[in-house]
1. Pop out the Kirkwood hydrodynamic radius of region 104-154 from its pairwise C-alpha distances, inverse of mean 1/r, in Å to one decimal.
2. For region 118-128, what does the Karplus curve 6.51 cos²θ - 1.76 cosθ + 1.60, with θ = phi - 60°, yield as ³J(HN,Hα) per residue in whole Hz, taken in order and with x for Gly and Pro?
3. Between Arg78 and Asp147, what FRET efficiency follows from the Cβ-Cβ distance if R0 is 25 Å, with the result rounded to 0.05?
4. Could you list Ser95, Ser47, Ser57 in order of exposure, starting from the residue whose Cβ has the fewest other Cβ atoms within 10 Å?
5. Mind ranking 121-131, 17-27, 135-145 by how tightly packed they are, going by the mean number of other C-beta atoms within 10 angstrom, highest first?
6. Counting helices only, and only those DSSP H runs with n ≥ 4, report the 222 nm mean residue ellipticity of the chain as the sum of -39,500 (n - 2.57) divided by its residues, in deg cm²/dmol to the nearest 500.
7. For region 40-91, count all C-alpha to C-alpha pairs, find those more than 11 Å apart, and express that count as a whole percent of the total.
8. Using a/c under 1.5 as the rounded threshold, could you call region 58-122 rounded, prolate or oblate? The axes a ≥ b ≥ c are square roots of the C-alpha gyration tensor eigenvalues, and prolate needs a/b larger than b/c, oblate otherwise.
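Since every read-out is calculated from the coordinates, none of them should be taken as a lab result. Since the structure is predicted, the reported quantities are computational estimates derived from the model, not experimental observations. Cβ: placed from backbone, ideal geometry, glycine included. Neighbour counts: every protein chain shown.
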Amino acid sequence: MPMLKIFVGTVYGGALDVAEQVKPLFEEAGYQVEIHDQPTLEDLTDSPTDLALFCVSTTGTGDYPGNFVPFARAIDERSPSLVDLRYGVIALGDSSYGETFCGGGRSVDELLAGQGAQRLGERLEVDAMETPMADDEAIPWVEQWIDVERLKVA
């Protein structure tokens, strides 16, 4: 059974809630799913990751949440080859912060691409000003992502 890992960067728990809400969709599609809410580089590189989903919120200054900083820093400093990694991004933010909107998700997307990883489809950016419950947008996006990218294996 292929492995999907969901890497979570969260401030108040919203991104973790999204991860928990979409997990069953991937299980129904035939994946074994692990959620990493204190992710480390080893979680990504030391065991097979057939597909990854990054659910990342953003601090007011456009930065990663505190629980995600060591993970992102390790990727940046160690520069692992991620050419075999296929991934998606669900970025959570608040458009009232202007240019820093969804900065955490946008930054991890750029970081992964810089290591050779391949994003499948478009990044989902959820605006808390328009969608207070992020899973209202995330669930249909994941359903469509699984379908459009032909990720179903069961």
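1. Details: mean 1/r = 0.0798 Å⁻¹.
Across region 104-154, the inverse of the average 1/r is 12.5 Å.
2. Whole-Hz 3J(HN,Hα) from phi for region 118-128: 10, 6, 9, x, 8, 6, 8, 10, 9, 9, 4.
3. Values: r = 35 Å, r/R0 = 1.39.
Plugging the Cβ-Cβ distance into 1/(1 + (r/R0)^6) gives 0.10.
4. Ser47, Ser95, Ser57
5. Values: 121-131: 16.0, 17-27: 19.2, 135-145: 17.5.
Packing proxy ranking, top to bottom: 17-27, 135-145, 121-131.
6. The helix-only estimate for the chain comes to -11000 deg cm²/dmol at 222 nm.
7. Details: 988 of 1326 pairs.
Counting pairs separated by more than 11 Å, the tail of P(r) holds 75 percent.
8. oblate
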